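The values are calculated or read from the model by the stated rules, or taken from the named source; none is laboratory data. All figures in this text were calculated on a predicted structure; none of them were measured in a lab. Every residue, glycine among them, receives a Cβ derived from its backbone with ideal geometry; neighbour counts consider all protein chains shown. For accessibility, only protein heavy atoms count, side chains too; no ligands or nucleic acids. Shrake-Rupley method; radii C 1.70, N 1.55, O 1.52, S 1.80 Å.
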Number of protein chains: 2
Amino acid sequence: MTAGNKCVILGSGNVASCLAPALSHSAEILQIYSPTQQHASALASTLGATATDNLSALIPDADFYIIAVKDDAISTLTATLRKLDIPASHRGIWCHTSGSAPLSVLDGLGDGRCVFYPLQTFTHGDTVEPSSITMLLEGDCADTVQQARELASAFTCRIQEAGSEQRRRIHLAAVFASNFANHMWSKAQQILAADGLDLSLLEPLIEATLRKAVAIGPHRGQTGPARRGDKTVMEAHLSLLTPSQTSLYQCVSDSIISDYKHIKTDSAS
Amino acid sequence: MTAGNKCVILGSGNVASCLAPALSHSAEILQIYSPTQQHASALASTLGATATDNLSALIPDADFYIIAVKDDAISTLTATLRKLDIPASHRGIWCHTSGSAPLSVLDGLGDGRCVFYPLQTFTHGDTVEPSSITMLLEGDCADTVQQARELASAFTCRIQEAGSEQRRRIHLAAVFASNFANHMWSKAQQILAADGLDLSLLEPLIEATLRKAVAIGPHRGQTGPARRGDKTVMEAHLSLLTPSQTSLYQCVSDSIISDYKHIKTDSAS
């Protein structure tokens with residue numbers, strides 16, 4: 001555990017508010033920047049940090065400047081930082097936390113640039129166990145990566161290096177594995193809610209599905225009517241769905257059918 | 001726990017082979033029927049049961065006859081049973097294990113008919129913890145349901161009654177929650193495998209997503225580029241995908257966008 005790292009966080013959204021408490025295990029969060037002062041203050045107050053909505057007022061002597069804003073806002077922010085000549089006066093390591101933005105989006109922010117990407121899902125108001133965060137790191141040199149590794153190692157032992165290209169593909173896989181799977185649960189919840197039932201009814205099923213996916217692989221573990229090519233059940237299901245649910249059901253089923261069409265069926269659920 | 005129930009299982013696929021060991025905690029599995037003698041024998045040998053490929057040779061004095069065949073094969077099987085006059089000579093309770101078939105598919109199989117539906121995913125060669133199986137029961141009378149409840153209670157405390165219509169909707173929700181979510185993990189695995197990486201990299205992420213979905217609801221917990229309406233990231237993702245992955249990505253993203261289009265974004269991942 002490295003004590004004494006001083007961090008400035010640029011951003012106050014989900015990633016910033018969930019990552020900051022993890023960082024505060026070992027680092028000191030000096031300051032939160034947000035273009036909306038109220039957002040900066042709200043997060044800063046939980047961390048004993050100062051808040052600012054003015055980039056020119058960024059504290060100059062932090063060890064890390066962590067940009068945790070939406071992907072499409074990073075380049076606008078870095079352009080402003082360069083215009084204000086801040087990189088020249090602030091010698092800390094500049095990081096971003098994006099899965100899909102390349103390291104090069106930080107070009108021109110001085111020496112010591114890195115990607116500090118938490119491979120985890122964050123929602124404001126939900127608490128994430130810091131040790132469950134896999135940190136994917138990329139730096140402009142070995143020393144930068146080493147410093148980022150020490151910062152991360154205070155809260156997780158899941159740390160690995162991944163270049164911009166590989167990280168983009170891992171982020172894409174994470175979208176399927178997390179965002180898209182969650183959307184399927186959201187649809188299940190909708191269907192159950194119409195009957196006054198809760199998603200917790202399906203929790204043991206979902207847990208077993210995940211356990212099996214990890215144990216024998218999700219391709220081999222696939223079950224269900226589309227996997228079996230059971231058109232009667234699929235048609236009965238379609239008759240129960242709203243138009244928008246129907247189009248999702250159809251497209252996911254088609255994708256499953258297409259993956260298994262040349263393989264003799266041996267699964268049922 | 002009810003000792004001494006004698007069961008005959010009709011079927012030797014995933015459901016039969018995963019449910020039979022759970023049942024054998026309290027019941028005696030007398031016999032396995034399959035139209036393929038070899039399949040019947042393979043399962044029977046693991047249970048100390050006899051095997052047959054001949055419906056006329058079904059043991060007459062079992063307490064439960066459990067039909068665990070594919071949904072679209074149930075009605076063919078029950079038609080044959082009726083034609084052979086077996087229901088008249090076999091006084092036990094006739095069950096099926098299907099999520100989507102109604103109780104009425106068992107009409108004509110004597111008194112004592114029930115649905116004994118395990119709300120779980122089964123794949124041959126994978127071991128399911130019996131206590132993780134939620135049993136949804138429906139019977140032709142209260143006494144039948146009570147007997148089925150006693151049979152199930154030997155291996156799980158997750159037991160509830162659900163009529164045919166409600167069970168159909170729960171089964172549909174389960175397809176989204178289990179089969180479809182698993183397919184998303186399968187796509188993630190495909191993408192990772194191209195980089196020599198394994199799904200286990202994403203296990204902490206998937207677990208946190210599930211925990212959050214149960215804690216605050218999957219709708220509120222949704223994150224990702226489609227949730228944020230981040231078109232730049234989505235376009236970058238599309239450029240990395242194969243045509244069949246592209247159509248799945250597009251349709252799930254469209255469904256997410258459509259669910260959140262009127263709501264101010266406050267999530268990021």
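Legend: mean number of C-beta atoms from other chains within 10 angstrom of residue C-beta atoms, peptide A:253-260, equals 4. Between B:ILE191, B:ILE74, B:ILE133, the Gaussian network model of chain B with springs among Cα atoms under 10 angstrom shows the greatest mean-square fluctuation at B:ILE191. The other copies place their B:ILE216 label points at 3.5 nm from this one, listed shortest first, where each point is 7 Å from Cα along Cα→Cβ.
Just to be sure I understand: with springs between alpha-carbon atoms less than 10 Å apart, which residue in A:ALA188, A:ALA162, A:ALA174 has the highest mean-square fluctuation in the Gaussian network model of chain A? So, out of A:ALA188, A:ALA162, A:ALA174, the one fluctuating most is A:ALA188. For the options B:CYS141, B:CYS114, B:CYS251, a Gaussian network treatment of chain B with springs between C-alpha atoms closer than 10 Å singles out B:CYS251 as fluctuating the most. The share of accessible area on the range A:9-163 that comes from carbon and sulfur is 49 percent, using a 1.4 angstrom probe.
Can you work out the FRET efficiency for the pair B:ALA215 and A:ARG220, with r the C-beta to C-beta distance and R0 = 41 Å, to the nearest 0.05?
E(calc), rounded to 0.05, equals 0.85.
Given +1 at the Cβ of Lys and Arg, -1 at the Cβ of Asp and Glu and no other charges, the dipole of the protein assembly as shown around its Cα centre is 560 debye to the nearest 20. Here the extension length gained between A:GLU161 and A:THR46 equals 38.3 nm, from 0.36 nm per residue of separation less the Cα-Cα distance. Note on the protein assembly as shown: Cα-Cα pairs beyond 32 Å make up 49% of the total pair count. Heavy-atom accessible surface of A:ASP63, to the nearest 10 Å², is about 60 Å², with a 1.4 Å probe and all protein chains retained.
Just going by the charge dipole of chain A, with Lys and Arg at +1 and Asp and Glu at -1 on Cβ, which of A:SER247, A:PHE64, A:PRO87 is farthest out on the positive end? Of the listed residues, the answer is A:SER247. Protein heavy-atom surface of the range B:169-260, 1.4 angstrom probe: 54% of the accessible area is carbon and sulfur, with nucleic acids and ligands not counted. Which longest uninterrupted range of chain A lacks any trypsin sites (Lys or Arg not before Pro) assigned by DSSP to a loop state (not H, G, I, E or B) and surrounded by at most 15 other Cβ atoms within 10 Å? Looking at chain A, A:92-260 is the longest stretch - no exposed trypsin sites (Lys or Arg not before Pro) with at most 15 other Cβ atoms within 10 Å.
Shielding of A:189-197 by partners, i.e. mean partner chain Cβ atoms within 10 Å per residue? Going residue by residue through A:189-197 and averaging, the value is 5. Calculated FRET efficiency, A:SER244 to B:ARG82, Cβ-Cβ distance, R0 = 56 Å: about 0.85 to the nearest 0.05. Rolling a 1.4 Å probe across the protein heavy atoms gives chain B an accessible surface of 38 Å² per residue.
Accessible surface buried at the A:B interface totals approximately 8900 Å², computed with a 1.4 Å probe on protein heavy atoms. If you take the beta carbon distance between A:GLN37 and B:SER131 as r and set R0 to 60 Å, what does 1/(1 + (r/R0)^6) give as a FRET efficiency, to the nearest 0.05? Efficiency, rounded to the nearest 0.05: 0.70. Ranked from shortest, the separations from the 7 Å Cα-to-Cβ label point of B:ALA88 to its equivalents in the other copies are 10.2 nm. Rg ratio for the range A:6-162: its Cα radius of gyration over 2.2 N^0.38 Å, N being its residue count, equals 0.93. Across the range A:161-269, the convex hull enclosing all Cα atoms gives 139 Å³ per residue. By the helix-only formula, in which each DSSP H run with n ≥ 4 contributes -39500 (n - 2.57) and the sum is divided by residues, chain A has a 222 nm mean residue ellipticity of -13000 deg cm²/dmol.
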